[in-house]
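Report on the following structure.
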Amino acid sequence: MQLKAKPKSFFKNQRWILLMMTVPFFLCVVAFSLVPLWGWLIAFFDYFPGTSILNQNFAGLRYFRRMLNDRYFFQALGNTLVLSSMALLTYPIAPIFAILLNEFRSDKYKRLIQTLTSFPNFISWIIVFSIASTFFSVEDGLVNQIFFNRLGWFSQPTNLLADANIAKVLQTFILSVWKNCGWSAIIYLAAITGIDQSLYEAAKVDGAGRIKRIIHITIPGIMPTFIVLLVLGAANILNTGFDQYYVFTNAVTLPVLDNLDTYIYRTGIQNLNFSYATAVGMSRSIVSVILLTAINQIAYRVNGSKII
């Protein structure tokens, strides 16, 4: 009697197919995230483009010592910490907006508002700067036209984009929130959708109103998502962003908006000091990894679950 071959497990075949589908993404991570780490060697040499790094003069830790004695570096570091901390304070705005949007009874208006608030995320900061210049220009800006020319609230025309006293507030609590709030709310809307609807039905039967359902069901349901995003944002505190602050920085706001990203660009690209800029960027990356590891352990001790 001839025995038939036992068919291969479909699950095992499917598992290998899914595993092979991840290979291109893994190669992209290696090519764009791991291979560039070879460039960290520049921080230990007197590097100048056009010559092999093996033929450059070895500098040791000279550029790291210079970094610790550079007051402009500490100015950029301080601005980075302040701007990132202010950005963390805006994190509750997105879940609050998502909760309010979810309470809309009309799906038509809900989709309209969600589309309008998500659209700014796809606008580059160059366009945002042009829009802000149109609103806050001294000569023909809309703000000065209304509050100075017509209402007389300002004693003289004011250029808010060149005011160092409100530059940080304007960038984090107004422009960044306007640009990112709608897009960030999508994550929380997805989290709200994943909440078991039977909980809401049971709460209605027990006589809970809309506010109580939000407090006791919606907020606890999206809290894990909020904590994960907050932890990742706190671990990324040294990466403020480049394009936003580069286009909005001018001679007046430079002392308060210059962060590590713009400082590295100005030092490395504009001043051709590649070794020193690499040392600053390398130090920032190492500190970010340490922060992520520490915050991950704190999250594990508090919630019993790790982010990574």
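The values are calculated or read from the model by the stated rules, or taken from the named source; none is laboratory data. All values reported here derive from a predicted model rather than from experimental measurement. FYI the Cβ positions are ideal-geometry reconstructions off the backbone, even for glycines, and counts take in every protein chain you see. Each accessible area value is taken on the protein alone, full model and side chains, heavy atoms only, with ligands, DNA and RNA left out. Shrake-Rupley method; radii C 1.70, N 1.55, O 1.52, S 1.80 Å.
Conditions (1) under 20 Å from I126 (Cα atoms); (2) in a helix (DSSP H, G or I); (3) of a type in the set (S, T, N, Q), marked per residue:
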| site | (1), (2), (3) |
| --- | --- |
| Q171 | yes, yes, yes |
| W183 | yes, yes, no |
| I186 | no, yes, no |
| A203 | no, yes, no |
| P220 | no, yes, no |
| V231 | no, yes, no |
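The one condition from (1) of a type in the set (G, A, S); (2) under 29 Å from I174 (Cβ atoms); (3) open to solvent by less than 20 Å² (accessible area, probe 1.4 Å) that G268 does not meet is (2).
When you look at L142, is it under 30 Å from D258 (Cβ atoms), over 25 Å from the mean Cα position of the chain (by Cα) and open to solvent by 60 Å² or more (accessible area, probe 1.4 Å), yes or no? Yes; evaluated as a whole, the condition is true for this residue. Taken as a whole, the stretch 273-285 holds no residue that is in contact with a Leu (Cβ under 8 Å, 6 or more places away or on another chain), aromatic (F, W, Y) and either closer than 30 Å to W178 by Cα or open to solvent by less than 80 Å² (accessible area, probe 1.4 Å) (or both). You will find that of I214, I219, I187, the residue that is modelled with pLDDT of 90 or more and open to solvent by less than 40 Å² (accessible area, probe 1.4 Å) is I214 and no other.
Looking across the stretch 5-40, just one residue is in contact with a helix residue (DSSP H, G or I) (Cβ under 8 Å, 6 or more places away or on another chain) and at pLDDT 90 or above, and that is W40. So, in the stretch 51-61, of the ones that are open to solvent by 100 Å² or more (accessible area, probe 1.4 Å) and in a helix (DSSP H, G or I), which residue ends up modelled with the lowest pLDDT? Per the stated criteria, the residue is L54.
Within the stretch 114-138, count every residue that is of a type in the set (A, V, I, L, M, F, W, C), open to solvent by 50 Å² or more (accessible area, probe 1.4 Å) and assigned to a helix (DSSP H, G or I). Spell out the reasoning first.
Going residue by residue through the stretch 114-138, those that are of a type in the set (A, V, I, L, M, F, W, C) are 116, 119, 122-123, 125-129, 131-132, 135-136, 138.
After this cut, where a residue has to be open to solvent by 50 Å² or more (accessible area, probe 1.4 Å) as well, the list is 116, 119, 122, 126-127, 129, 131, 135, 138.
Checking the rest, the ones that are also assigned to a helix (DSSP H, G or I) come to 116, 119, 122, 126-127, 129, 131, 135.
Qualifying residue count for the region: 8.
Could you list all residues from the stretch 62-79 that are open to solvent by less than 50 Å² (accessible area, probe 1.4 Å) and either closer than 22 Å to Q114 by Cα or not polar (S, T, N, Q) (or both)?
Residues of the stretch 62-79 open to solvent by less than 50 Å² (accessible area, probe 1.4 Å): 63-64, 67, 70, 73, 76-79.
Within the stretch 62-79, Y63, F64, M67, D70, F73, A76, L77, G78 meet the criteria.
Only one residue in V35, V30, V82 is in a helix (DSSP H, G or I) and open to solvent by 70 Å² or more (accessible area, probe 1.4 Å), so which one is that? Just a single option satisfies the conditions, and that option is V35.
Can you tell me which residue within the stretch 38-50, out of those that are part of a loop (DSSP other than H, G, I, E, B) and either closer than 18 Å to V287 by Cβ or not hydrophobic (A, V, I, L, M, F, W, C) (or both), is most open to solvent (accessible area, probe 1.4 Å)? If you could, list the steps in order and put the result at the bottom.
Within the stretch 38-50, the subset part of a loop (DSSP other than H, G, I, E, B) is 46-50.
After this cut, where a residue has to be either closer than 18 Å to V287 by Cβ or not hydrophobic (A, V, I, L, M, F, W, C) (or both) as well, the list is 46-47, 49-50.
Working: D46: 41, Y47: 59, P49: 59, G50: 84 Å².
Taking the candidates together, the pick is G50.
Counting the residues of the stretch 190-211 that are open to solvent by less than 40 Å² (accessible area, probe 1.4 Å) and among the aliphatic types (A, V, I, L, M) gives 5. Is it the case that some residue within the stretch 210-225 is touching a Phe, Trp or Tyr at 6+ places or on another chain (Cβ under 6 Å), touching a residue at least 40 places away in the same chain (Cβ under 8 Å), among the aliphatic types (A, V, I, L, M) and under 30 Å from A132 (Cα atoms)? Among the residues of the stretch 210-225, not one is touching a Phe, Trp or Tyr at 6+ places or on another chain (Cβ under 6 Å), touching a residue at least 40 places away in the same chain (Cβ under 8 Å), among the aliphatic types (A, V, I, L, M) and under 30 Å from A132 (Cα atoms), which makes the answer no.
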